[in-house]
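Asker: Here it is, the structure, as structure tokens.
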Amino acid sequence: MTDRSFEPTRRQLLGAVAGAGAIGASAGVTAARFGTTERGSVRIQAGTVSTHVECSDCRAENGSITATFETLEPGVGGEETFDITIEDNPSRLWLTTACPPAVDPLGEAMQVRLSFVRDGADEQLFPDSGDTGSLDELGAAFSDGIRLDDRLGEPCLSPGDDLSLQLEYELPSTADWTANLTTALSLQLFAEQCRGVSDADRSSPPATATDCPDLECPDCTKLGKVDVVGDRLEPRSYAFDELYGAFENTSDEYRLEVLRVTNKRDDSETETVCASVRILENGAERDAPPICRVTVGGGRPMRPPNDPDSRVAAYDVDPPLTRTRREVCAAHGEAKTDPDSVEDGERPGISNITVYVCADEEGGDSS
């Protein structure tokens, strides 16, 4: 048996933005209270500091403004503008982003660019180099805060300044594996009045820095196997015919959903030779452990013929994800060392699919 790694599609966008907060500083400004004035609109009020954020397609929730992305089509993009108004006194302003989930397929795939606009001039905030980065990378980039008011002019923003954040996003045409996914990005703004606090005394965001957690995969553990009945797989969910280890004795229900298939006709028969899949736990992908490996059985074995592993083509999912980023395929004999070298019309039919997931040291779900 040989291993084959997928290269992940360059990550891309997700979701959106802005929330609000003001916090006390040495000038004695009291902690902010958030009030939603309308959908997509948040006002920050703390002492004599008042800041307003508004956007067209987002929601205010728990002191943040969040943009949600779902049912995006590959190759399609858009833009979200977050208009910022300093309503009273000149203020310093910081932006923080919420950490993305450890496993976020659509956030990984979406490509985004975030810019700060001040009186007609703009500065790209993310990525710090290059044209775009993933939505997940954006969420992690500013989790510890970034100062805005000292950019594109003198420090401190005034009520008359024309301010906004512009989020441009696109789902790459190659990300055709992202069907039925949702993602979102939440941003917060923190404002502090400039009067009474020197710039030297305030050089970091008035919020607690957050380190975004990385996905941990201490052990790639076999979860279960689905056998193909009747030579074909259909796009639907399947119960596992076999479960292994800790997954065999659990109250949670695990299923394998086939998202897309490639079939070939052999004489009068049609058989499935490739499939893209995702894992479901209790009916939901978001609760499932990330897949780290998929093996596909089928076709003639390599020599020696008594080696059962020689009937298996193996695909590593790196980094782990709750679905495959492409179709996984069966292959004959020596071609199992390079399954992509086989034309679809020459492939054998899939006989079974086995899924391995990230697990902790005791063999349980590590997500």
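The values are calculated or read from the model by the stated rules, or taken from the named source; none is laboratory data. Being a predicted model, the structure only gives us computed values, none of them experimental. So basically every Cβ, Gly included, is an ideal-geometry build from the backbone, and we count neighbours across all protein chains shown. These area figures cover heavy atoms from the full protein model, side chains too; ligands, DNA and RNA do not enter into them. Shrake-Rupley method; radii C 1.70, N 1.55, O 1.52, S 1.80 Å.
Asker: Mind telling me which of the residues 293, 278, 236 ends up being open to solvent by 60 Å² or more (accessible area, probe 1.4 Å) and of a type outside the set (Phe, Trp, Tyr)?
Answerer: Result: 236 is the single residue among 293, 278, 236 that is open to solvent by 60 Å² or more (accessible area, probe 1.4 Å) and of a type outside the set (Phe, Trp, Tyr).
Asker: Let me ask something additional. Part of a strand (DSSP E or B) and of a type in the set (Gly, Ala, Ser): which single residue out of 251, 276 fits that description? First the steps, then the outcome.
Answerer: Working: 251 fails: part of a strand (DSSP E or B).
Only one candidate qualifies: 276.
Asker: Output yes when any residue across the stretch 206-220 is open to solvent by less than 40 Å² (accessible area, probe 1.4 Å) and over 30 Å from residue 185 (Cβ atoms), and no when none is.
Answerer: There is no residue in the stretch 206-220 that is open to solvent by less than 40 Å² (accessible area, probe 1.4 Å) and over 30 Å from residue 185 (Cβ atoms).
Asker: Conditions first: (1) under 17 Å from residue 116 (Cα atoms); (2) open to solvent by 20 Å² or more (accessible area, probe 1.4 Å). Residue 157 passes all but one, so which condition is the exception?
Answerer: Only one criterion in (1) under 17 Å from residue 116 (Cα atoms); (2) open to solvent by 20 Å² or more (accessible area, probe 1.4 Å) is unmet by residue 157, namely (2).
Asker: Right, something else. Has the stretch 340-355 got any residue that is modelled with pLDDT of 95 or more, open to solvent by less than 30 Å² (accessible area, probe 1.4 Å), touching a Leu at 6+ places or on another chain (Cβ under 9 Å) and farther than 20 Å from residue 234 by Cβ?
Answerer: No, that holds for no residue.
Asker: So is residue 286 at pLDDT below 95, open to solvent by 60 Å² or more (accessible area, probe 1.4 Å) and assigned to a loop (DSSP other than H, G, I, E, B) or not?
Answerer: yes
Asker: Which residue, of 316, 365, is acidic (Asp, Glu), open to solvent by 10 Å² or more (accessible area, probe 1.4 Å) and at pLDDT 70 or above?
Answerer: That would be 316, the only listed residue that is acidic (Asp, Glu), open to solvent by 10 Å² or more (accessible area, probe 1.4 Å) and at pLDDT 70 or above.
Asker: Give all pairs with beta carbons closer than 6 Å in which a residue from the stretch 80-99 that is within 13 Å of residue 53 (Cα to Cα) meets a residue that is surrounded by fewer than 24 Cβ atoms within 10 Å (Cβ to Cβ) and acidic (Asp, Glu); count only pairs at least 6 apart in sequence or on separate chains.
Answerer: 83/54
Here is a yes/no grid of residues against (1) modelled with pLDDT under 90; (2) in a strand (DSSP E or B); (3) acidic (Asp, Glu):
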site: 214; (1), (2), (3): yes, no, yes
site: 217; (1), (2), (3): no, no, no
site: 222; (1), (2), (3): no, yes, no
site: 229; (1), (2), (3): no, no, no
site: 260; (1), (2), (3): no, yes, no
site: 292; (1), (2), (3): no, yes, no
site: 295; (1), (2), (3): no, yes, no
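Asker: Can I ask one more? So, in the stretch 101-146, exactly how many residues are open to solvent by less than 30 Å² (accessible area, probe 1.4 Å) and outside any helix (DSSP H, G or I)?
Answerer: The qualifying residues number 18.
Asker: I'd like to check something: does the stretch 54-64 contain any residue that is modelled with pLDDT of 90 or more and hydrophobic (A, V, I, L, M, F, W, C)?
Answerer: No, the stretch 54-64 contains no residue that is modelled with pLDDT of 90 or more and hydrophobic (A, V, I, L, M, F, W, C).
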